[in-house]
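In what follows, a single structure is set out as structure tokens and then discussed.
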Amino acid sequence: MGEGQVSVTRLSPQGNLGIEKASSLRAEILDGFSGGAPVEFDFSGIGDLDLPCLQVLYAARREAIERDLHFRLSGSVSPRIARRLKASGFVNALPESGAELEGCLLGWAKEGS
């Protein structure tokens, strides 16, 4: 890594994130925060996302703000996840990327960086 570059902890879960994975997802994110580096959550390998795991992401966002850390969403958001979030009222548009999701996810941008 070059001088001045910040290391990033990238989390790239695979498959469907249902209620049975919420606890391990939380642990993985908190472990990522322990290093103090920015944490990036990559949606590219996720086929589906249930409400409990979405709640874990919201809680991670709050935790990052409280710890003065950066927590970002990245990668491609599957059409299935985008449609589910829109149907549930979490977004008004269908996000294609984690960055777009950050911009339109209800309550996400209001709490800081």
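Between the helical axis of 51-67 and the longest alpha-carbon principal axis of the chain there is an angle of about 30 degrees. Assign one of three labels to region 9-98, namely rounded, prolate or oblate, based on the Cα gyration tensor with a ≥ b ≥ c the square roots of its eigenvalues; rounded applies when a/c is under 1.5, prolate when it is not and a/b is larger than b/c, and oblate otherwise. It is prolate, given that a/c is not under 1.5 and a/b is the larger ratio.
Rounded to the nearest 500, the helix-only mean residue ellipticity at 222 nm of the chain stands at -12500 deg cm²/dmol, with each DSSP H run of n ≥ 4 adding -39,500 (n - 2.57). When +1 charges are put on Lys and Arg Cβ atoms and -1 charges on Asp and Glu Cβ atoms, the dipole computed for the chain relative to its Cα centre reaches about 360 debye. Each Cα pair under 8 Å and six or more residues apart adds its separation to the average, and for the chain the resulting relative contact order is 24 percent.
Read-outs throughout are calculated quantities, based only on the coordinates presented, and are distinct from any laboratory measurement. As the structure is a computational prediction, the values presented were derived from the model and not from experiment. A quick note on method: Cβ atoms are made from the backbone with ideal geometry, for glycine too, and the neighbour counts reach across all protein chains shown.
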